[in-house]
Amino acid sequence: PRGHGGEEINSILRHYAAMRPFDAFTVPSQSGIDFYQRFVLDTDCFFVLPIGFEPDIFHPMDKMQAKQEMAEATREPRVAQQPVVGYLSRVQPEKGASIFLKIAQTLPDVLFLLGGPTLGPYQNGPLPKNVVYAGFLPRQKLPVLYNAFDVYCFPTLSGEETFGLTLLEAMACGVPAVIPNWDGMPEVMGDGGIKVEANTFPNDIGSFAAGVAPEALAKGIRRLLDDEALRLALGKKARERALTFSWEATAKRILSIFEELHRRKQFYQQNPYFSRFVP
């Protein structure tokens, strides 16, 4: 279809066409199901299947030791001397990189440490003086980076942020987070940090699906940095929350999904009315 509403109609048709050969779909958070409710009347075929992490790799370490190691790796002694707010993702606008840099300008006494494959569109422009780029780190080095953070801030605005693996890994290292309150990330964080209200868009604008004020995120960060007891308490809760996202729990969830599908199939086959719809 073309004309008014044609793009939306085609999206619906594509989603239904993709669903036809399958018995079930898994999404990493409830926000994924909420999204598909735009296209699918009955979402009983969708199941939440969270992502897991490796608790023997991502765990709390001695913070000053981690900071000193990152200070040496980045050749920036301020990492070991100042409060550190971290970011780890693609350094792109839809991932909130611009907002992260604006927060840094709002809090000049705080060091902002960001990691990612490249600086992307920001590589040719000057970064705020209190921003340090850690570069791309191999996975085995990420726990050191996370542990060097006092607060983790992930101001993503991407329309596909249904979970937030880096958020989970930072929490596993005992780091409290400050995030926009939208999409799947609040489901992951639970009470392991501070949520800041975001304004969601009824339709994605490019890759953007929401907006959040840098000043609001900066206020949440300042609150955690100024209140050590709160920061440590939320860091402990973050670690406890992260431990519920184990790969063992994910595997058990997969088995339960197959058991539920088998139960449904038996019901359809045994019911004289529904049996005609089962191949």
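The values are calculated or read from the model by the stated rules, or taken from the named source; none is laboratory data. Predicted model, so just to flag it, every value in this text is computed and none were measured. Ideal geometry is used to build each Cβ from the backbone, glycine not excepted, and the neighbour counts take in all protein chains shown. Calculation scope for accessible area: heavy atoms of the full protein, side chains included, ligands and nucleic acids excluded. Shrake-Rupley method; radii C 1.70, N 1.55, O 1.52, S 1.80 Å.
Is it the case that some residue within segment 87-110 is at pLDDT 90 or above, surrounded by 18 or more Cβ atoms within 10 Å (Cβ to Cβ), over 21 Å from the mean Cα position of the chain (by Cα) and not in a strand (DSSP E or B)?
yes
Among the residues of segment 113-128, which ones are under 22 Å from residue 147 (Cα atoms) and open to solvent by 20 Å² or more (accessible area, probe 1.4 Å)?
117, 118, 119
Specify which of the listed residues (65, 37) is surrounded by fewer than 15 Cβ atoms within 10 Å (Cβ to Cβ) and more than 25 Å from residue 200 (Cα to Cα).
Numbers: 37 fails: more than 25 Å from residue 200 (Cα to Cα).
None of the others qualify; the one that does is 65.
Which condition breaks for residue 162 when tested against (1) crowded, with 18+ Cβ neighbours inside 10 Å; (2) in contact (Cβ under 8 Å) with a residue 60 or more places away in the chain; (3) more than 17 Å from residue 182 (Cβ to Cβ)?
The failed condition is (3).
Mind checking whether some residue in segment 156-165 is at pLDDT 95 or above and closer than 17 Å to residue 95 by Cβ? Steps first, answer last, please.
As a first pass, look at segment 156-165 and keep what is at pLDDT 95 or above: none.
Looking for residues that are at pLDDT 95 or above and closer than 17 Å to residue 95 by Cβ, one finds none in segment 156-165, hence no.
Of (1) outside any helix (DSSP H, G or I); (2) over 20 Å from residue 81 (Cα atoms); (3) more than 13 Å from the chain's Cα centre (by Cα); (4) not hydroxyl-bearing (Ser, Thr, Tyr), residue 141 satisfies all except one. Which?
If we test residue 141 against (1) outside any helix (DSSP H, G or I); (2) over 20 Å from residue 81 (Cα atoms); (3) more than 13 Å from the chain's Cα centre (by Cα); (4) not hydroxyl-bearing (Ser, Thr, Tyr), just (1) comes out false.
Matching residues to (1) more than 25 Å from residue 61 (Cα to Cα); (2) open to solvent by 20 Å² or more (accessible area, probe 1.4 Å); (3) among the hydrophobic types (A, V, I, L, M, F, W, C):
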| site | (1), (2), (3) |
| --- | --- |
| 132 | no, no, yes |
| 172 | no, no, yes |
| 193 | no, no, no |
| 198 | yes, no, yes |
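Which pairs turn up if I take residues in segment 240-265 that are open to solvent by less than 40 Å² (accessible area, probe 1.4 Å) and look for partners that are in a helix (DSSP H, G or I) and charged (D, E, K, R) with beta carbon separation below 9 Å, at least 6 apart in sequence or on another chain?
242/169
Enumerate the pairs (first residue in segment 111-122 and outside any loop (DSSP other than H, G, I, E, B); second residue anywhere and of a type in the set (D, E, K, R)) with beta-carbon separation below 7 Å, excluding pairs fewer than 6 apart on the same chain, so at least 6 apart or on different chains.
Once the first residue is outside any loop (DSSP other than H, G, I, E, B) and sits in segment 111-122, its partners that are of a type in the set (D, E, K, R) give 111/78; 120/90.
Within segment 135-147, can one find any residue that is crowded, with 19+ Cβ neighbours inside 10 Å and within 19 Å of residue 98 (Cβ to Cβ)?
no
So if I check each of 233, 229, 218, 210, which one is touching a strand residue (DSSP E or B) at 6+ places or on another chain (Cβ under 7 Å) and either buried (at least 18 other Cβ atoms within 10 Å of the Cβ) or at pLDDT 95 or above (or both)? If you could, list the steps in order and put the result at the bottom.
Working: 233 fails: touching a strand residue (DSSP E or B) at 6+ places or on another chain (Cβ under 7 Å); 229 fails: touching a strand residue (DSSP E or B) at 6+ places or on another chain (Cβ under 7 Å); 218 fails: touching a strand residue (DSSP E or B) at 6+ places or on another chain (Cβ under 7 Å).
That would be 210, the only listed residue that is touching a strand residue (DSSP E or B) at 6+ places or on another chain (Cβ under 7 Å) and either buried (at least 18 other Cβ atoms within 10 Å of the Cβ) or at pLDDT 95 or above (or both).
List every residue pair whose Cβ atoms lie under 8 Å apart, where the two residues are 6 or more positions apart in sequence or sit on different chains, the first residue falls within segment 13-40 and is farther than 18 Å from residue 162 by Cβ, and the second residue, located anywhere, is open to solvent by less than 50 Å² (accessible area, probe 1.4 Å) and part of a helix (DSSP H, G or I).
23/261
Identify, by number, the condition in (1) surrounded by fewer than 20 Cβ atoms within 10 Å (Cβ to Cβ); (2) farther than 29 Å from residue 140 by Cβ that residue 32 doesn't meet.
(1)
Go through 55, 83 for me and flag whichever is open to solvent by 50 Å² or more (accessible area, probe 1.4 Å), within 23 Å of residue 236 (Cα to Cα) and modelled with pLDDT under 95.
On the way: 83 fails: modelled with pLDDT under 95.
Step by step, each of 55, 83 is checked, and only 55 is open to solvent by 50 Å² or more (accessible area, probe 1.4 Å), within 23 Å of residue 236 (Cα to Cα) and modelled with pLDDT under 95.
On the given criteria, is residue 60 assigned to a loop (DSSP other than H, G, I, E, B), closer than 30 Å to residue 244 by Cα, open to solvent by less than 50 Å² (accessible area, probe 1.4 Å) and of a type outside the set (A, V, I, L, M, F, W, C)?
Values: assigned to a loop (DSSP other than H, G, I, E, B): yes; closer than 30 Å to residue 244 by Cα: yes; open to solvent by less than 50 Å² (accessible area, probe 1.4 Å): no; of a type outside the set (A, V, I, L, M, F, W, C): yes.
In short, no.
Could you please let me know if residue 155 is assigned to a loop (DSSP other than H, G, I, E, B) and open to solvent by less than 10 Å² (accessible area, probe 1.4 Å)?
yes
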